[in-house]
Each structure stands twice: as structure tokens, then as C-alpha cells.
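Novice: Below: one structure in C-alpha cells.
Since every read-out is calculated from the coordinates, none of them should be taken as a lab result. It should be emphasised that the depicted structure is a prediction, and the values quoted were computed from it without experimental measurement. Positions of Cβ are backbone-derived with ideal geometry, glycine not excepted, and every protein chain shown enters the neighbour counts.
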Amino acid sequence: MQEQHLYEYAIIRVVPRVEREEFINVGVIICHWKRNFLACKLHLDANKLLALDPLADVEMIELNLASFEKISTGDIDGGNIATMDLASRFRWLTAVRSSIIQTSRPHSGFADDLEKTLERLFDENVR
């Protein structure tokens, strides 16, 4: 039996009109400190987004989501935040903010396969 790993995750949301507080789930970010594992999976359904806000700038939101992914992977194109340590990047990405891209509060769980867990969480919360 494989070892169970304590991980944290958050659901990534797009809130096209912050004042209305309506959102669609567009991804999941998962983190495991000891294994130096930080990954996210994203998918923006433009039809759902435009149903909430027909004037939403889909292209701009996709660019911002790409930045979110770059920061989580530590990509040099992700700017200064992408150069921070893993814990700092996860905390920055999941910080409470009033913007178009938000996350749920972090949750925790145990898993023996973090990649499969990311896929499962994505299927349950985004698809």
C-alpha cells in the first residue's frame, strides 16, 4: 500500500462581475509541501462565462488564468511571484481577493497519488 499524503487544494473560480458574486469553477490547485508538489488544472468554459456576463472579456480572463498556471509551476514567465518558494506561491494564489479570478478557501485531504487526486477534484468540481 502506498503512503497517504496530506495535501491542500482550492477551487479556482472566475467571477466576471464581482459585485454580483456569481462565479463558475474553472480549475483546481493542489499542493503538497513535503513532496514539493504544486500543480493546477484549468478549463474555462466560455459559454458558461458568457451566460453570467455577455460582456466578459474571455481573452483577458484566459491570459490571467495562464499567469495563474505559470505562477503555480514556477515558470520564469510568471514574474516575481513565480520565483517564490512553493508554500509562498500556494498562499499567494489562494489569498482572499476581490478580483475576477478567485479561489475557494484551501481544503485538505489525504491521497496516495496526487496527480490522480488533482484529476478527481477537477472532474468533481469543474466539469
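Novice: Okay, which of region 91-111 sit inside 14 Å, backbone N to the point 7 Å along the Cα-Cβ direction of Ser67?
Specialist: 93, 98-102
Novice: For a quick check: with amide H placed at 1.01 Å from N, whose amide H comes under 5 Å from His5's, ignoring anything fewer than 5 positions away on the same chain?
Specialist: The list, which skips near neighbours in sequence, is Ala111, Asp112.
Novice: Round to the nearest 10 and give me the degree value, 0 to 90, for the angle of helix 58-73's Cα axis relative to the longest principal axis of the chain.
Specialist: 10 degrees
Novice: Given an 8 Å cut-off on Cα distances and at least 6 residues of separation, report the relative contact order of the chain as a percent.
Specialist: The normalised contact order for the chain reaches 35 percent.
Novice: In deg cm²/dmol and to the nearest 500, what is the mean residue ellipticity at 222 nm of the chain if only DSSP H runs of at least 4 residues count, each as -39500 (n - 2.57), divided by the residue total?
Specialist: So the helix-based figure for the chain works out to -10000 deg cm²/dmol.
Novice: Here's something else I'd like to know. Please report Lys41, Lys48 as a ranked list, fewest other C-beta atoms within 10 angstrom at the top and most at the bottom.
Specialist: In order of increasing Cβ crowding within 10 Å: Lys48, Lys41.
Novice: Continuing with the same structure: Got a sec to turn the phi values of region 31-47 into Karplus ³J(HN,Hα) couplings, 6.51 cos²θ - 1.76 cosθ + 1.60 with θ = phi - 60°, whole Hz, x for Gly and Pro?
Specialist: So the J values, rounded to whole Hz, are 9, 9, 4, 5, 8, 6, 10, 9, 8, 9, 10, 10, 7, 9, 8, 4, 5.
Novice: Between 0 and 90 degrees, rounded to the nearest ten: what's the tilt of helix 114-125 against the longest Cα principal axis of the chain?
Specialist: That works out to roughly 30 degrees.
Novice: Rounded to the nearest Å, what's the spacing between the alpha carbon centres of region 49-127 and region 1-27? Just the number, please.
Specialist: Answer, in whole Å: 7.
Novice: Where does the charge balance sit around Ala56 when Lys and Arg score +1, Asp and Glu -1, over other residues with C-beta under 13 Å from its C-beta?
Specialist: -3
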